[in-house]
1. Could you grab the pairs with beta carbons closer than 6 Å, sequence gap of 6+ or different chains, first residue in segment 81-100 and more than 17 Å from Thr218 (Cβ to Cβ), second one assigned to a helix (DSSP H, G or I) and away from the ligand (no atom under 13 Å from the Cβ)?
2. Residues that are touching a residue at least 12 places away in the same chain (Cβ under 8 Å), out of contact with any strand residue (DSSP E or B) (no Cβ under 6 Å at 6 or more places or on another chain) and under 18 Å from Lys281 (Cβ atoms): list the strands (runs of 3 or more DSSP E) wholly contained in segment 299-379 that include at least 1 such residues.
3. Can we say Ile24 is away from the ligand (no atom under 12 Å from the Cβ), closer than 20 Å to Thr187 by Cβ and among the aliphatic types (A, V, I, L, M)?
4. When you scan segment 246-261, do you find a residue that is within 30 Å of Glu74 (Cβ to Cβ) and not in a loop (DSSP other than H, G, I, E, B), even just one?
5. Take the residues in segment 165-181 that are touching a Pro at 6+ places or on another chain (Cβ under 7 Å) and among the β-branched types (Val, Ile, Thr), then tell me which one is nearest to the ligand (Cβ to nearest atom).
6. Where in segment 19-90 are there strands (runs of 3 or more DSSP E), lying wholly inside it, with at least 1 residues that are in contact with a Leu (Cβ under 9 Å, 6 or more places away or on another chain)?
7. Only one of (1) touching a strand residue (DSSP E or B) at 6+ places or on another chain (Cβ under 7 Å); (2) away from the ligand (no atom under 11 Å from the Cβ); (3) of a type in the set (A, V, I, L, M, F, W, C) is not met by Leu160, so which one is it?
8. Can Lys84 be described as out of contact with any strand residue (DSSP E or B) (no Cβ under 8 Å at 6 or more places or on another chain) and more than 15 Å from the ligand (Cβ to nearest atom)?
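Read-outs throughout are calculated quantities, based only on the coordinates presented, and are distinct from any laboratory measurement. Everything quoted here is computed from the prediction, not taken from an experiment. Positions of Cβ are generated from backbone atoms using ideal geometry, with glycine treated the same way; all protein chains shown enter the neighbour counts.
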Amino acid sequence: MYYQSTDENFCLYKGDTLQILGQIPNQFDMIFADPPYFLSNGGKKIHGRRMVSVDKGEWDKIKSSDGIDKFNQEWINQCKPLLKDNGTIWVCGTYHNIFSVEKCLKNAGFRIINIITWQKSDPTPTWGKLHFNFSSEYIIWAKKTSMAKHYFNYELMKQLNGGKLMSDVWKLPTVGLWEKTCGKHPTQKPLRLLYRIILASTKVGETILDPFAGSSTTGIAANLLGRNYIGIEQNEEFLHLGKKRKMDIENPLRFVDMQKHMADNPNEITVIVNHARRETKERMVETGICYLRAGDSEGSLCVTHGFERMEYVLLHTSGENCQIFKLKRKGCFQIWNKETLERYGFSPSHAAYYIVLKFDNKEIKGFKIPNNIKERINTYRAKIRPLSDFFDF
Ligand SMILES: C[S@@+](CC[C@H](N)C(=O)[O-])C[C@H]1O[C@@H](n2cnc3c(N)ncnc32)[C@H](O)[C@@H]1O
C-alpha cells in the first residue's frame, strides 16, 4: 500500500493495476475507471495562442486495436469479482477506446445501463479545419449482470435537474483552476463530474474503487460526499498528488470550500432566496409576484451571476416560514415601479424601481431548507443559491 489516510477513508495502492486488482480483498459498491484512452499520437491542439501536443504520457501511447482490446478485457475481467452483485461500474472514454470498452464489458457479462455524453461547456479548440471541434467524452455505466438490481438515486437526479428527468447528456465544464491547487494531472477529471456520478449511484458510507486513480479525483469527490475510496496508480508523481489533495481537504475549511465548489455547477439551476415581511409574503403567495429592490445606490441594475439560471424562488420571513415556488419563466424578470406594485396590493417603501419575478403559486414540497437562510445583516438582501443547497445528501 502506498498511502492510507488517518481517517482510513482514502487508500492508495502503487503499481500496475493488472497485478494489484487480483490482490485486493475488498468488494466495492461502485467502480469508476478512467483508463488510458490511447490517444497520444502526436496530435495538436490550441492552448492560449499556441499549438501544443495532445500527448498525455507514455501510459497513453497509442496501441494496436488488438492491444487496446487485450488491455481493456484484462482489467475489466479483474474488476468484475471486486464489484458487489448490486454494484455498478462507470468507464470513461472517447472514440479511441470507448468501443473497445463497450465490447469488453459485454464480453465480461456486464449489462449496459446508460452511455453518458459529457458535453464540455468550455472545450479547448482542436487544431485543423477538417472536422468539428472535439467537445465531448463518453462514460459507460453498467451493472454486473442483466438480472442485477442496481442502485440509482432517480429522485435526487431529477431534483438536481430542476424537477425534470435528468438526461444522459451532461453539460459540465472541464477541470477548473480551483481543483488544481495541489498540482496538475494531464487528464484530470473535474470534481463536478464525479459528484454527479457518485450521488447517482452510491449511498453515504459506501466504498468506491478507481483502478486508474491518476490524481485521485474520484477519492476526493468520494470523501467530500462521505464515501470511502481505494485507488490504484502506477505513477509515483500522481500518487503523491492524490495524497496531497486528500491532506488538503483534511483542513475543515478547505473541505467545506471544496464541497461547495464541487456542488456549484455553473450550469446548475439556481434559487433566489428572498426575505419579505409576513403580510407582504402572504400577498406574494396570493398574487404569484415576488419583488426585490432594483439596483445599487447609484441606481444601476446589478444582475448577479446565476440569475439567468434561476428557476425557483424561496420566500421567508427573517429565516422562518420558508416556502419554495417555481418561476413562470427561467431567469426572466421585469422592472416595475412603486406605483405598479401598489396596484397589486403591495406597499413597497424603499425604492423607486423593483425587480419583479412571477411564479406559480403552488408550493413545491420535499426540499430541505438549509439552516443558514437567515444570515443576520444579509437577511434583507436577496441571494442566489444553487438548487443542490436544498437537498440532503
Ligand atoms: C486517464 S488517467 C486518470 C485521471 C484521473 N481520473 C484523475 O482525475 O486524475 C489514467 C491514469 O492511469 C494510470 N495508469 C495507466 N495504466 C496503468 C496501469 N496499468 N496500472 C496503474 N495505473 C495505470 C496513468 O498513470 C494515469 O495516471
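1. Short answer, once both residue conditions are applied: Ser100/Asp69.
2. 310-317, 320-327, 353-364
3. For Ile24, the condition - away from the ligand (no atom under 12 Å from the Cβ), closer than 20 Å to Thr187 by Cβ and among the aliphatic types (A, V, I, L, M) - is not met.
4. yes
5. Val175
6. 28-33
7. Going through (1) touching a strand residue (DSSP E or B) at 6+ places or on another chain (Cβ under 7 Å); (2) away from the ligand (no atom under 11 Å from the Cβ); (3) of a type in the set (A, V, I, L, M, F, W, C) one by one, Leu160 breaks only (1).
8. So Lys84 does not fit the description; no.
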